[in-house]
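Read the structure below first, then the notes.
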Amino acid sequence: MKILTSSQTGTVDRYTIENEPIGSIHLMERAATQAYRWITTHYPATSFSIFVGPGNNGGDALAIARMLLEEGRKVGVYLYRSEKLSHDATINLERLKAFPSAKITDLSKQSLLNIKPTGKVAIDGLFGSGLNRPLNERASDIVSYINRNFPQIISIDVPSGLFCEDNSHNHRVAIVKATYTLTFQMPKLAFLFPENREFIGNWIVLPIGLSHQKIKSTSTPWQITTEKEIRSWIRPPHLFAHKGTMGHALLIAGSYGKTGAALMASRACLKSGVGLLTAHVPHSAVAVMQTALPEAMISADRSDIIFTEFPDLSPYNAIGVGPGLGTKTNTQRALKELLKSAQNKKLVIDADGLNILSENREWLNDLPPQTVLTPHPREFERLSGPYENDFQRLNTAIEFAQTYKVVLVLKGAYTAVISPEGKVGFNPTGNPGMATAGSGDVLTGIILALLANGIEPYAAARAGVYVHGLAGDMAALKGQRATIASDIIENLGPAFAKTTEL
Ligand SMILES: NC(=O)C1=CN([C@@H]2O[C@H](COP(=O)(O)OP(=O)(O)OC[C@H]3O[C@@H](n4cnc5c(N)ncnc54)[C@H](OP(=O)(O)O)[C@@H]3O)[C@@H](O)[C@H]2O)[C@@H](O)CC1
Ligand SMILES: [K+]
């Protein structure tokens, strides 16, 4: 699913109006109807305070108010800047006034202290995608009033005061904190940044029939990964598949006390459809690995406790390196050698592999093209330097992927997978229960398997992140809090089946 900027959405909006053809007032009616239906389904017998701004976001809110009145609900309508309403909002205000029961308060003529709220749920239609500057004092006061006085807030299209993309220079105190955001047609980029979570609450996309053709032809670097895409990348094993056609992966992982990382990444890799897996581990871990995971072949390091050397790479289609490695000098040296020798291999680097890279940033220039790096936010900060907010972090990450020609997996809620060309695939699956020890090792194992299968690195990373999240969601059905990495691994079978086989 594409994510467009607010100005691109405006273009699609105008195109739809001209080409469907549909009057803008009818498009507003369609949007308001969708929101009204959602609201009445989820709030069957509630009264509402409806806050209305000067633009078409306000127009939507006025139409919703009328629909609720028609149904016999009690609503109070609170108008901000009634003297300056948009054309379609004016039409909807007139339509609303036709209802004798309409209770309309003009906020420009009232102190907020004298306002009596109607019910406990606010509908926020102050500003939407047309916000073009941070809110002034009066508008900020209204936003604070809403945030303070209503335990539940439903924002129409966008929480008022939030810009759809860049909020670097915004006043964060002047943004509505929605319980639900009912957004039209496509999510907005700002919804995917963890720092905006307190404003957006749960977001729901309501389709309003904007031109598919125009959306398709509008180019954007931002996508949300869909199951349909995953299916096109991962095919179920064909009838004549054998372990040779599914690839041979090499995983370099573990150090004394961290054999678990090697074990979890290996198990996840095997459970993700690799043909053969060789795990290279410190000598002392061999017995544990062979006992716990008889399906893996083992390559033993001459060191008992850390990674210091690697086997001949020619048998392997893909290499994963990093989980539980430690950052000892000899390990660093071995990693440097590995990067040199793996120039024509598919490679995924995680955890301590990334920490070693951040201590030796010049090595980034020597990574094999399209290497997959999977940092969590702190690891990325160590690699790229500090950033001030999530929007800036995304831009830094895009630049980073382009500069070093790598696939960057920026882990977190809505993990962003960035291609060397700067395309971004946000991931919709997963839950907070997955922030648990070993979860990253599991992801490395999955991506390694898909790389060994021969899937292109950008697709392998997006698919890996998606299936990892889905397996985590399935595990969380038995309790988010109790989810551990092994539960994610156990659910890889059903998660792959759902996305690629059923
Ligand atoms: N996408 C679609 O297809 C559809 C979109 N629809 C809906 O339309 C919404 C977009 O409507 P929109 O463009 O009229 O903008 P909106 O957000 O209402 O605000 C603009 C107004 O606010 C003002 N203003 C701006 N910043 C301000 C500030 N800081 N402080 C004070 N004022 C400020 C600005 O005034 P000005 O800049 O001229 O002073 C202008 O008057 C969209 O979110 C969705 O809800 C649906 O109806 C149908 C289909
Ligand atoms: K709004």
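The values are calculated or read from the model by the stated rules, or taken from the named source; none is laboratory data. Small disclaimer: the values here were computed from a predicted structure and weren't measured. All Cβ positions, glycine included, derive from the backbone under ideal geometry; neighbour counts span all protein chains shown. Just the protein is used for accessible areas: all its heavy atoms, side chains included, with ligands, DNA and RNA removed. Shrake-Rupley method; radii C 1.70, N 1.55, O 1.52, S 1.80 Å.
Quick one: accessible area per residue over the range 391-502, 1.4 Å probe, rounded to a whole number of Å²? Each step should come with its number before you reach the end.
Values: 3880 Å² over 112 residues.
Ligands and nucleic acids excluded, the result is 35 Å² per residue.
Roughly how many whole Å is it from the C-alpha centroid of the range 410-442 to that of the range 158-199?
20
Can you give the % of DSSP beta bridges in the chain that are antiparallel, to the nearest 5?
10
How much of the accessible area of the range 180-282, in percent, comes from carbon and sulfur atoms when a 1.4 Å probe is used?
Roughly 58 percent, rounded to a whole number.
Which entries in K345/K411; K120/K478; K243/K423 show an alpha-carbon gap greater than 30 Å?
K120/K478; K243/K423
Please report the base-10 log of the normalised intensity I(q)/I(0) for the range 341-385, using a Debye sum with one equal scatterer per alpha carbon and no solvent, at each q in 0.14 (1/Å).
Cα-only, vacuum Debye calculation for the range 341-385: -0.30.
Calculate the length of the line joining the C-alpha centroid of the range 239-257 to that of the range 203-232, in whole Å.
Comparing the Cα centres of the range 239-257 and the range 203-232, I get a distance of 34 Å.
With r as the distance between the Cβ atoms of Q402 and S284 and R0 = 41 Å, compute the FRET efficiency 1/(1 + (r/R0)^6) and round to 0.05.
The pair S284/Q402 has a calculated efficiency of 0.50.
How compact and how long is the chain, expressed as Rg and Dmax of its alpha-carbon atoms in Å?
26.4, 86
Using the Kirkwood radius over C-alpha pairs as Rh, can you work out the diffusion coefficient of the range 299-447 via Stokes-Einstein at 37 °C, viscosity 0.692 mPa s, in µm² per second?
Translational diffusion coefficient: 208 µm²/s.
Using the Cα atoms of the range 419-502, I'd like the radius of gyration and the largest Cα-Cα distance, Dmax, both in angstrom.
According to the Cα coordinates of the range 419-502, Rg and Dmax are 12.6, 39 Å.
What is the local net charge at V176, summed over the other residues whose Cβ is closer than 12 Å to its Cβ (Lys, Arg +1; Asp, Glu -1)? The partial results should precede the final answer.
Details: positive: R148, R172, K177; negative: D124, D157, E198.
In short, 0.
Can you return the lysines within cross-link range of K109? Criterion is Cα-Cα under 20 Å, with same-chain partners fewer than 8 residues away left out.
Partners found: K84, K97.
Could you work out the per residue convex hull volume over the alpha carbons of the range 51-189, in cubic angstrom? Before the final figure, lay out the partial values.
On the way: hull volume 15.1 nm³, N = 139.
Taking the convex hull of the Cα positions in the range 51-189, it is 108 Å³ per residue.
May I have the extent of the alpha carbons of the range 240-298 along their three principal axes, as whole Å values ordered from largest to smallest?
40, 16, 15
Rounded, prolate or oblate, given the Cα gyration tensor of the range 140-210, with a/c below 1.5 counting as rounded?
The shape class here is oblate.
Please give the length that would be gained between K228 and K216 if that part of the chain were fully extended, namely 0.36 nm times their separation in residues minus their C-alpha to C-alpha distance (nm, one decimal).
Between K228 and K216, full extension yields an extra 2.8 nm.
Mind giving me the FRET efficiency for Y256 and E456? R0 is 35 Å, r the Cβ-Cβ distance, nearest 0.05 is fine. If you can, show how the numbers build up before the last one.
Numbers: r = 36 Å, r/R0 = 1.03.
The value I calculate is 0.45.
Can you pull the one-decimal nm distance between simple spin-label points at H242 and E198, each 7 Å off the Cα toward Cβ?
Taking the two extended label points, one gets 6.1 nm.
Distance from the Cα centre of the range 361-400 to that of the range 46-125, in angstrom?
The distance from the Cα centre of the range 361-400 to that of the range 46-125 comes to 46 Å.
What per residue convex hull volume, in Å³, comes out for the range 227-501 when only alpha-carbon positions are used?
That works out to 117 Å³ per residue.
Relative to the present Cα-Cα distance, how much length would full extension add between K478 and N389 at 0.36 nm per residue of separation?
Extending this stretch completely gives an extra 28.6 nm.
Can you give me the Rg/Rh ratio for the range 205-308, using Cα atoms for both radii and the Kirkwood formula for Rh?
Details: Rg = 20.9 Å, Rh = 16.9 Å.
When Rh is taken as the Kirkwood radius, the ratio is 1.23.
Can you give the helix-only mean residue ellipticity at 222 nm for the chain, where every DSSP H stretch with n ≥ 4 adds -39500 (n - 2.57) and the sum goes over all residues, rounded to the nearest 500 deg cm²/dmol? Provide the component values of the computation, followed by the final result.
Values: 18 runs with 198 residues, N = 502.
Taken over the chain, the calculation gives -12000 deg cm²/dmol.
Return the percentage of antiparallel bridges among DSSP beta bridges fully within the range 227-501, rounded to the nearest 5 %.
20
Highest first, please rank the peptides 172-185, 388-401 by the mean number of other Cβ atoms sitting within 10 Å of their residues.
172-185, 388-401
Would you work out the relative contact order for the chain, in percent, from Cα pairs under 8 angstrom that are 6 or more residues apart?
Computed over the chain, the figure is 12 percent.
Take the Cβ-Cβ distance between S47 and M1 as r, set R0 to 30 Å, and report the resulting FRET efficiency rounded to the nearest 0.05.
The pair S47/M1 has a calculated efficiency of 0.30.
Would you kindly state how much longer the chain becomes between E309 and E20 on full extension, computed as 0.36 nm times their sequence separation minus their alpha carbon distance, in nm to one decimal?
Difference between extended and current length: 97.6 nm.
Excluding ligands and nucleic acids, what accessible area in Å² is computed for R133 using a 1.4 Å probe, to the nearest 10?
Result for R133: roughly 140 Å² accessible.
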